[in-house]
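**Student:** Below is the structure I would like to discuss, written out as structure tokens.
Please treat every number below as a calculation from the coordinates, not as lab data. As the structure is a computational prediction, the values presented were derived from the model and not from experiment. Virtual Cβ from ideal backbone geometry, glycine too; neighbours counted across all protein chains shown.
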Amino acid sequence: MSEVDLVLGNTEKLETRNYRDFGLSDSARVRVNDIMSVRETAAQFVDSFDGRARAFLQIQNGCDHRCTFCIIPFGRGNSRSVPMGSVVEEAKRLVAKGFSEIVLTGVDLTAFGADLPGRPSLGHLVRKILKLVPELKRLRLSSIDSIEADGELLRAIAEEERLMPHFHISAQSGDDLILKRMKRRHQRKDTIEFCRTVRSLRPEAAFGADIIVGFPTETDTMFANSLSLVDEAELAYLHVFPFSARKGTPAARMPQLDRATVKDRALRLRAKGVAALNHRLGTLVGSEQVLLVEKQGIGRTPCFAPAQFLASAGAGEIVRARVTGARDGKLVSELQAA
Ligand code: SF4
């Protein structure tokens with residue numbers, strides 16, 4: 001395409017030198033390496049900022065798994081982690097810039113450390129950040145593969161109050177045969193067990209999950225297993241994805257469901273998710289919560305429930321609030337004196 005000046009691969013886009021000779025006639029216009037040959041991840045970790053409230057810190061990139069529906073490893077390459085010392089330095093820098101909350105992100109977050117010397121785990125990293133960055137008020141994990149959560153992560157969940165009690169699980173389905181066809185490494189009971197264990201360590205914990213509906217060969221009974229997983233694991237925040245085949249993946253070659261069925265299942269699971277969230281919010285009415293203000297009039301509790309309030313408080317501030325009700329998927333709250 002003549003209007004395209006430069007094509008950079010996922011690794012090349014992070015290298016300054018690729019922008020220096022931009023537009024020079026003798027420079028290559030397509031610079032895309034074999035992503036599978038990349039063994040390290042770059043040291044510029046910040047994906048983005050959520051207004052002034054929280055910062056996202058990427059600690060890992062790529063994925064060694066090959067789920068049958070997923071194209072990500074072919075764009076991002078194999079799993080590689082940012083060294084712990086660099087993550088801690090970056091966390092310090094973000095706190096010095098005024099961020100109260102940092103969210104650790106990665107393509108396969110719980111794979112963190114397997115490629116680093118000494119093979120530290122995500123739990124080790126969480127502990128290290130909280131120990132070496134005492135000014136950091138809140139640390140949060142983005143989506144995790146619960147089957148990869150080790151004892152050190154569970155200990156960190158139990159003992160580190162500044163690790164926020166909200167866990168988003170890459171569950172994908174509540175049916176074992178579908179999980180097998182997806183080439184996931186866990187079964188339905190593992191998701192339920194993880195939530196139960198974490199809840200025994202942190203009773204206030206809330207759980208979310210990614211769930212795909214309408215995966216090839218999914219029957220009504222199999223879909224019903226995903227619906228009932230919401231109750232059994234006590235999930236509150238659902239991200240529902242109607243299955244859509246990615247070209248070149250094994251799932252794209254499996255027998256597909258008709259779109260109307262996929263859409264209908266997505267609607268039903270989303271409705272289940274709304275009911276589950278409302279139930280969860282209802283249990284918080286009457287409680288006192290510490291909110292991270294996202295913007296004027298809205299903040300998040302530690303377990304990620306959105307809470308409205310009328311008083312004045314700036315983005316990034318941490319405030320105390322009393323929850324007086326729940327409406328339209330949000331808590332209603334009144335700020336308390338600090
Ligand atoms: S779904 Fe997640 S774990 Fe599976 S291959 Fe894709 S990135 Fe990896």
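**Student:** Ranking 124, 168 by Cβ neighbours within 10 Å, fewest first, what do you get? Mind showing how you got there, number by number?
**Tutor:** Details: 124 19, 168 22.
Fewest-to-most ranking of 124, 168: 124, 168.
**Student:** Go through the range 230-338 and name the trypsin sites (Lys or Arg not before Pro) that are in a DSSP coil and have 16 or fewer other Cβ atoms within 10 Å of their Cβ. Let's see the in-between values first.
**Tutor:** On the way: sites: 246, 247, 253, 259, 263, 265, 268, 270, 272, 280, 295, 300, 320, 322, 327, 330; in loops: 246, 247.
Of the trypsin sites (Lys or Arg not before Pro), the ones in loops of the range 230-338 whose Cβ has at most 16 other Cβ atoms within 10 Å are 246, 247.
**Student:** Which whole-number percent is the relative contact order of the chain (Cα, under 8 Å, 6+ apart)? Intermediate results must be reported in sequence, preceding the final value.
**Tutor:** On the way: 666 pairs, mean separation 41.8, N = 338.
Relative contact order, the chain: 12 percent.
**Student:** Also, quick follow-up: For the chain, with equal point scatterers placed on the C-alpha atoms only and solvent neglected, what are the log10 I(q)/I(0) values from the Debye formula at q = 0.09, 0.11, 0.15 1/Å, to two decimals?
**Tutor:** Rounded to two decimals, the profile gives -0.55, -0.82, -1.35.
**Student:** Now a separate question. What are the ³J(HN,Hα) couplings of the range 185-200, residue after residue, when phi is run through the Karplus curve with 6.51, -1.76, 1.60 and θ = phi - 60°? Round to Hz, x for glycine and proline.
**Tutor:** Karplus-based 3J(HN,Hα) across the range 185-200 equals 9, 10, 10, 3, 5, 5, 5, 5, 5, 4, 4, 5, 4, 5, 5, 6 Hz.
**Student:** Moving on. Find which of 123, 206, 111 sits farthest along the positive direction of the dipole of the chain, computed with +1 on the beta-carbon of Lys and Arg, -1 on that of Asp and Glu, about the Cα centre.
**Tutor:** Checking the options against the dipole of the chain, the answer is 206.
**Student:** Calculate for the chain the 222 nm mean residue ellipticity that helices alone would give, adding -39,500 (n - 2.57) per DSSP H run of length 4 or more and normalising by residue count, nearest 500 deg cm²/dmol. Walk me through the intermediate numbers first.
**Tutor:** Numbers: 9 runs with 101 residues, N = 338.
Using -39500 (n - 2.57) per qualifying helix, the result is -9000 deg cm²/dmol.
**Student:** Under a point spin-label approximation (7 Å from Cα along Cα-to-Cβ), what is the residue 92-residue 29 distance to one decimal in nm?
**Tutor:** Inter-label distance under the simple model: 4.6 nm.
**Student:** Given the C-alpha centroids of the range 84-103 and the range 121-198, what is the distance between them in whole angstrom?
**Tutor:** 21
**Student:** Follow-up. Given the options 108, 264, 175, state which has the largest fluctuation in a GNM of the chain using a 10 Å cut-off (strictly under) for Cα springs.
**Tutor:** Of 108, 264, 175, the Gaussian network model singles out 264 as fluctuating most.
**Student:** At q = 0.24, 0.27 Å⁻¹, what is the base-10 log of I(q)/I(0) for the range 288-335 according to the Debye formula with one equal point scatterer per Cα and no solvent? Please give it to two decimals.
**Tutor:** Here log10 of I(q) over I(0) equals -0.73, -0.93.
**Student:** So which cysteines in the chain don't have a second cysteine's C-beta under 4.7 Å from them?
**Tutor:** Singleton cysteines: 63, 195, 303.
**Student:** Using the Cα centre as the reference, give the magnitude of the dipole from point charges on the C-beta atoms of the range 243-338 (Lys, Arg: +1; Asp, Glu: -1; all else neutral), rounded to the nearest 20 debye. Kindly include the intermediate steps, with their values, before the conclusion.
**Tutor:** Details: 16 positive and 7 negative charges, 137 e Å.
That gives a dipole near 660 debye.
**Student:** Further, regarding this structure: For the pairs 13/128; 183/247; 295/330, flag any whose C-alpha to C-alpha distance is greater than 20 Å. Mind showing how you got there, number by number?
**Tutor:** Numbers: 13/128 30 Å; 183/247 17 Å; 295/330 14 Å.
Exceeds cut-off: 13/128.
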